[in-house]
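I have placed the structure first, in the form of structure tokens, so that the comments after it can refer back to it.
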Amino acid sequence: KFPDWEKEIRAYYNNWTTMLKSDIPQNVEVLRKLAKTHYHLFGLTNWSEETFPYALENYDFFQLFDGKIVVSGTEKLIKPDPKIWYVLLERYHLNAQESVFIDDSLKNIETARSLGFETVHITPETNLEKELIDLGIQF
């Protein structure tokens, strides 16, 4: 598709996994606890369509979402474009006002908040479980 960028594209696809960060164990543990409750877990990710199978295979916490994940590469939309949240809401019949959006990008948090979601902005200092309890989530 982009012959002028072939060298760079090949370099990316040959090395992209080395750029991945590891998961955050304490946050994954919170997801595991939530998965055992009556709450439903949904994902909204900016992974590409080509690389998301790698994520599913190598990050077991994605299984906690029961396949209910909107992948930007598949949808041809990307956060923070509000349209990708509408895909999530419509596809899974969700109400933003009854949902919590968790992300490490402040722009994504701001968009989700503008759509009516409760939000938790993840930073290295965030205690996710405490933040969710403060929102009334019960484990």
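Calculate how steeply helix 6-15 sits against the longest principal axis of the alpha-carbon atoms of the chain, using the helix alpha-carbon long axis, and give the answer as 0 to 90 degrees to the nearest 10.
For 6-15 against the chain, the angle is about 50 degrees.
With only alpha-carbon atoms counted, please give the Rg and Dmax of the chain, in Å.
Rg and Dmax of the chain, Cα atoms, are 16.2, 53 Å.
In nm, to one decimal, how far is the modelled label at ASN95 from the one at LYS76, with both set 7 Å along Cα→Cβ?
Taking the two extended label points, one gets 3.3 nm.
Could you work out how far helix 25-35 tilts from the main Cα principal axis of the chain, as a 0 to 90 degree angle to the nearest 10?
60 degrees
To the nearest 10 degrees, how steep is helix 82-91 against the longest Cα principal axis of the chain, on a 0 to 90 scale?
Once rounded, one gets 70 degrees.
Could you sort out which of LYS36/LYS130; LYS33/LYS83; LYS76/LYS107; LYS7/LYS68; LYS1/LYS83 sit more than 24 Å apart by Cα distance in this structure?
Distance filter (> 24 Å) returns LYS33/LYS83; LYS7/LYS68; LYS1/LYS83.
Take LEU64 and ILE24, extend 7 Å from each Cα along the Cα→Cβ direction, and tell me the distance between the two endpoints in nm.
The modelled label-to-label distance comes out at 1.2 nm.
Extension gain GLU49-GLU129, at 0.36 nm per residue separation less the Cα-Cα distance, in nm?
Additional length available on full extension: 25.8 nm.
Could you work out [θ]222 nm for the chain from helices alone, using -39500 (n - 2.57) per DSSP H run of at least four and dividing by all its residues? Round to the nearest 500 deg cm²/dmol.
Computed ellipticity for the chain at 222 nm equals -11500 deg cm²/dmol.
Using 1/(1 + (r/R0)^6) with R0 = 22 angstrom and r between the beta carbons of LEU31 and ALA11, what's the FRET efficiency to the nearest 0.05?
It comes out at approximately 0.10.
Where nothing but the Cβ of Lys and Arg (+1) and of Asp and Glu (-1) is charged, how large is the charge dipole of the chain around its Cα centre, in debye to the nearest 20?
Dipole of the chain, to the nearest 20 debye: 160 debye.
Where a number appears in this text, it was derived from the coordinates with a stated rule and is not lab data. Not measured: the values here are computed from a predicted model. Neighbour counts are summed over all protein chains in view; Cβ atoms, including those assigned to glycine, are modelled from backbone coordinates with ideal geometry.
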